[in-house]
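Computed from the coordinates by the stated procedures, all read-outs in this text should not be read as laboratory data. The shown structure was predicted, so the numbers you read here are calculated from the model rather than taken from an experiment. Note that we place each Cβ from the backbone using ideal geometry, even for glycine, and neighbour counts take in every protein chain shown.
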Amino acid sequence: MTTVSSHERKRLHPHKFTMWVALASIVMMFAGLTSAYIVKKANAKWLEFELPDVFWYSTIVILLSSLTVHLSVRSFKAREMARYRVLIGITAALGVMFVVLQWIGFQQIEAGGVPLFGFDSNPSASFIGIIGGLHGLHVLGGVVALVYIFLRAYIGAKKVYSSTGLEIAATYWHFVDGLWVYLFIFFKWL
Amino acid sequence: MSNEAVLHSHDVHSHDDHHGHHHHESFISKYVFSQDHKMIAKQFLITGMVWAILGGLMSVLFRFQLGYPDAEFTWMKDLLGKWVNDKGQITAESYYSLVTIHGTVLVFFVLTAGLSGTFANLLIPLQVGARDMASPFLNMLSYWFFLAASLVMLSSLFVETGPFSGGWTAYPPLSALASAQPGSGTGMDLWLIAMALFVVSSLLGGLNYIATILNMRTKGMSMTRMPLTIWALFFTAILGVLSFPVLLSGFILLIFDRNYGTSFYLSDIFITANNVGALPNEGGNAILYQHLFWFLGHPEVYIIILPAMGMVSEVLSVNSRKPIFGYMAMVGSLFAITILAFLVWAHHMFVTGLNPFLGAFFVLLTLLIAVPSAIKVFNWLTTIWRGSIRFTPAMLFAIGFVSLFISGGLTGIWLGNSALDIHLHDTYFVVAHFHIVMGVAGIFGMFCGIYHWYPKMYGRYLNNTLGYIHFWVTLAGAYLIFWPMHYSGLAGMPRRYYDYAQWESFKQFGDLNKFITIVAMIVFAVQLLFLFNFFYSIWKGRKVRSQNPWGATTLEWTTPINPGHGNWPGEIPEVHRWAYDYGKDGQEFIPQTTPVGSNETNHH
Ligand code: HEM
Ligand SMILES: [Cu+2]
């Protein structure tokens, strides 16, 4: 189509751009929750407790997964499909492992006598359950997206050569990774 | 990525015929699961209109109670069943439900989805020169989430314990405690589900609008050549995308307080109603909810008014046959309003025990909004000043908008002073303020848009005579209804009460309340006239014969009278100038697609 000007081509792909705006929106949601945390913390009856060590492991796992997703985009672009397949598989597995580790972390908090929910819970613990849980859901959403893109490249009727979808998923993946690092620092030291 | 790629990736057109005559579409894909932005706009509009009628009817019903607290309308019992007691009066419970659902529905479903949903969908691709939205599929989902939200909210009207009744702001503890009152049970659950769906719909829509405006403009359409409608819709979408998620966080905490025993908002209060007694919760803070709510709530009022401002700017300029005055100042003031909208939420909380020192900053920031608002008003007035004004119904509604925005903006300056607000908060003065500046002004912006772009939507005109009746009665009625409320508010009459007749000091307003109720019924009846005009004209209205009936410069008038999916049958036109070349070099108007002549005077 001739009216599609060259300057339009140089622009960011609209779907990529949409993802960036969506990320801003997710940032606002967590910013809302963490500011609520700060407001609440200033009120009376705030319970202080230590986060279990397993959250260190989950942090390492999610950082690793960012590396693998990055490498998988690189291999896709280099059309090294075997490597790409392995790396995507590992990334998705690490994502699931992260969520499992988080779950174990929450269980350990409860086992330590600090209920997350219920009438005897303290908002300091409830916040961690809710914010951490919402973050976990976002990670699972990322896993679903990766699996979908992965399958589409194989099973779909036509082959997908464009890396756009994968790049968008990778951006999202780095984002939820960074988000967890922020939340971890926030809960641990703030 | 090109416009074509977006359409093709969704297989909107088969390959060979994508310009010109349309390939066959089934009823379902054309009217129901449509991905054409123009059809989605109509879906938003008509759903919004249904809600406007329902919400308007609710206000007439609760006005009955306020105007005639002692009357015995036994016929209402037959009509509304358990909402009315045996004496023929609306029960206190249903009164509160009506007020709550009226507020929720008008603010979110009519003036957000119905207004910006409709016109963002219709105008963004048409005015920036795109074949459709960045993602037509997400766009369709946005409507379907809105419809789902609508159905859930509608269903809450029919549950045994009634719909939610704790006010549109849904403050805890009424919203957090299912046993607090009947409407706080199932009704509130449904309210929350509906609102969560609504937030998702707004986010999907907003993402798309922003991506489309930034990425899909046709050749030559630089940002500073965009019509002000597009700028306004752009800032609206930014406000929505950044503030709705915060509301969602507030709702999530609320859901946990309601259902999982957490203590974010609920504390160890004692509740006498329904023998609830002391709550087992500890340490919750209801004010926290107010912060999260108003962080959205204030931007939300601008989400409502910015699209109206954009359309009014456009319509005033087209119908005065003059360029908009101070284009860059208009964009700048939209920008300033957007930034300030995030910094003033606590002016709704001056009397919650907010630290007065902190309050002083919020007073300052709040009053600062008056500056960009005044710039806009000044520019609208100078735009029509000495223009060759064509008083079409759209133009009248645009002028009415300016009048209402001035009247309501001025009372905002009263309320923005925290000292005055101690007296005025939660009185009818606030009701008067926000109905004039947001409610009626927003609806006027919406009517202005509907009358102006109806020919583009349906290829026919609305009837003008009915339009004039609609305008004058609505304008006069709106002022007659809301102006007196300033006085009762100043006299201290609180909002949200079921019956003022018991109250010695407010007996003096009994007749005034009756008067307001009568006017409200008349104004409601005139909206039915508009409804008739709308639907009658779709099939029987005068046909549009010329491509550009208003002699406007913008791109939507370069499409065929009834554009198909893809908007332009041939190539997308290229843009050579800004959208406001009216009366330039002796020409009445110069469309944006006309190349700049060699001897043309200074050029945007
Ligand atoms: C000069 C500009 C404005 C100022 C200084 C201003 C100030 C205020 C203040 C201080 C309040 C709180 C009053 C109280 O509850 O005690 C208020 C309420 C309100 N304002 Fe404005 N306002 C302005 C313009 C607007 C505009 C343009 C809109 C909408 C388009 C709007 C919509 C509302 C609404 C909806 C409420 C009441 C919400 C409720 O309590 O239910 N205001 N305004
Ligand atoms: Cu406000």
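Listing for the model above:
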{"quantity": "Extreme residue, positive dipole direction of chain B, given options B:ALA120, B:LEU396, B:MET330 (C-beta unit charges)", "calculated": "B:LEU396"}
{"quantity": "FRET efficiency, B:ALA525 to A:ILE185 (Cβ-Cβ, R0 60 Å, nearest 0.05)", "calculated": "0.50"}
{"quantity": "Cβ charges +1 (Lys, Arg) and -1 (Asp, Glu), total dipole of the stretch A:2-189, debye", "calculated": "1080 debye"}
{"quantity": "Charge dipole (debye, nearest 20) of the protein assembly as shown; +1 at Cβ of Lys and Arg, -1 at Cβ of Asp and Glu", "calculated": "2000 debye"}
{"quantity": "Inter-site label distance for B:ILE339 and A:THR164 at 7 Å from Cα along Cβ, in nm", "calculated": "3.4 nm"}
{"quantity": "Cα pair count fraction exceeding 20 Å, expressed as % - the stretch A:2-189", "calculated": "60 percent"}
{"quantity": "Greater than 22 Å apart at Cα, pairs in B:LYS456/B:LYS540; B:LYS219/B:LYS543; B:LYS42/B:LYS322", "calculated": "B:LYS219/B:LYS543; B:LYS42/B:LYS322"}
{"quantity": "Selection from B:VAL431, B:ASN463, B:ALA286 lying farthest towards where the dipole of the stretch B:32-589 points positive, charges on Cβ", "calculated": "B:ASN463"}
{"quantity": "Lys pairs under 18 Å by Cα in the stretch A:2-189, provided they are eight or more residues apart or on distinct chains", "calculated": "5"}
{"quantity": "Inter-site label distance for B:ASN562 and B:LEU80 at 7 Å from Cα along Cβ, in nm", "calculated": "4.3 nm"}
{"quantity": "Computed [θ] at 222 nm, helices only, for chain B once each DSSP H run of length n ≥ 4 contributes -39500 (n - 2.57)", "calculated": "-19500 deg cm²/dmol"}
{"quantity": "For the protein assembly as shown, the spread of Cα positions along each principal axis, largest first, Å", "calculated": "81, 79, 51"}
{"quantity": "Förster radius 56 Å - calculated FRET efficiency between B:ILE422 and A:ASP53, Cβ distance, rounded to 0.05", "calculated": "0.60"}
{"quantity": "Assigned charges on the beta-carbon of Lys, Arg, Asp, Glu; chain B dipole about Cα centre (debye)", "calculated": "1420 debye"}
{"quantity": "Normalised contact order of chain B, rounded percent, pairs of Cα under 8 Å and 6 or more residues apart", "calculated": "16 percent"}
{"quantity": "For the stretch B:32-589, alpha-carbon Rg over 2.2 N^0.38 Å", "calculated": "0.96"}
{"quantity": "Projected label distance in nm at B:GLU588 and B:TYR536, using a 7 Å step from Cα toward the beta-carbon", "calculated": "2.9 nm"}
{"quantity": "Compactness of the stretch B:475-604 - radius of gyration and Dmax, Cα, Å", "calculated": "25.8, 76"}
{"quantity": "Most mobile listed residue (A:PHE127, A:PHE17, A:PHE106) in chain A, GNM with C-alpha springs under 10 Å", "calculated": "A:PHE17"}
{"quantity": "Theoretical gain in end-to-end length, B:ARG496 to B:GLN508 [0.36 nm per residue, Cα-Cα removed]", "calculated": "2.5 nm"}
{"quantity": "Cα-based Rg of the stretch B:48-102 normalised by 2.2 N^0.38 Å, two decimals", "calculated": "1.09"}
{"quantity": "Computed E for A:ARG83/B:PHE270 - FRET, C-beta separation, R0 60 angstrom, nearest 0.05", "calculated": "0.35"}
